[in-house]
Each structure stands twice: as structure tokens, then as C-alpha cells.
Amino acid sequence: MNEFSWKDVTNALSLANMILGLFSIFCSFCKKSHCASWMLLISFLLDMAVKTITRHLNLCSKSGAELNDFAVFTTFGLAPALLLGVDGPLNGFLAIIYVLAASFRLCFYSTAGISFTYKGLPCPYASCVLASTSLLTKGNTFILSCMTSLMILFMMDQSYYPHDEILESENWKKIVYLGGVIMLLLSPLSLTAFYCLMWSLSYIFFPDALWGKTACLTQQPLKN
């Protein structure tokens, strides 16, 4: 494929990611939280593939970046917030705060260009934690509210997280990703949710020890 074709592929994957987010939102409104969470886990893995192709082939276009930004906001900003439901004022308020935190992070915790770190917890990881928690607790509102509050704090935090180049890094990281894909396709949702939750929490609490390099702390942040 030439460069133009690969740009089309990445744009198509970003569009697919956004469609999954829209379906997740629809499922949340239909009170099918397990379906909504499952689609967010698929989006979590798909987003990594999009970023890998973009970085590896050094693809950069204004339209592609705008499409990806909108897909990230829809799938990892709006859709996870609706897992809380909007039945009560507290849940609705927390959902709004989550969307605002994701928007703030995408708009202000970013710089142009390629970088080796993220400033604040990347939205896909926060989304993965909430989707996994929803599946494991069968949509328990209290636990989801606690986890949502925690994810908001991590996204707003100005700490640096390493660039998650899982598909371009050590072999064990590629195995972790492949394991997530296989489990999502073949394993029970509860086991898949536990796997993705442990994966995301390890990135949150042990970012440099497991997923990055010490040198990354001196770099500039990247939006996601």
C-alpha cells in the first residue's frame, strides 16, 4: 500500500472506533451495560492499533487528526460516562464531570507533534477501567461512581505516563495485547474484563516500571 492508502486505513479504523463508541452510547440508553462495556473494550484495543499504524508509518494529516480526536472524545469521553446511567442527579452530575475532565485533558494537556509521554491518564485507559468494572460488578452504581471519581482525578493529574507503544516494544507487551484480543474473542466476558482491568491498573500504578522508560519523564506530552 502507498501512503495515501494507509491514511485511508487509519481513517477507516478511527471511524470504526467512533461507531463503536456511538453503539456503546446507544446500548447504555437501552440499559444494556454489558454490551456497552464490551464495545468499549474492543475500542480500547482498536485504538492501540490505530496509533501504532500512525506512528510506524509517520502518517499525519489534519483531517485524520480531527477524525481521531472526535473518535477519542466520543468513545472514551462520552460513552464511558454513560455507563453510570443518568437516572439520578448524582450519577448525572458525575457523568458530566467525567465528560468535562476528558474534554479538558484532550484540549489542554496536549502539544503538537510526536512525543514519548502523555500528560494525565490517557482516556482509553480510564475507559477500559470503567468498562471492565461495569462488567465485573454487573453495573453496580456505587462501585462505578467510585471508580469514575478516581479516573477523573487521574485524568486531571499532571503526572506523566509513558507512551504505550505496546505493538512496537518488547515481545511480552505484544503478547499482553494479543492476549487481550484472544480473550475478547474467545473467553467469557468476566475473565476478559478482569484481564483488561489488571492491564489498565498496572499502567496506571506502575507506568514507568512496567510500561515505559525513565527518560520519558523529561519529554513532552501527547494527546490521547
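The values are calculated or read from the model by the stated rules, or taken from the named source; none is laboratory data. All values derive from a computational prediction rather than experimental measurement. With ideal geometry, Cβ positions are generated from the backbone for all residues, glycine too; neighbour counts draw on all protein chains shown. Quick note on the areas: whole protein, heavy atoms, side chains included, nothing else; ligands and nucleic acids left out. Shrake-Rupley method; radii C 1.70, N 1.55, O 1.52, S 1.80 Å.
Of the residues Lys32, Lys174, Lys51, the one with the largest accessible area comes first in the ranking Lys32, Lys174, Lys51, computed with a 1.4 Å probe on protein heavy atoms. Dividing the C-alpha radius of gyration of the range 119-188 by 2.2 N^0.38 Å, with N its residue count, gives 1.29.
Computed from label points 7 Å out along Cα-Cβ, the spacing between Ile53 and Ala16 is 0.7 nm. A probe of 1.4 angstrom, applied to the heavy atoms of all protein chains, finds Thr141 with accessible area near 60 square angstrom.
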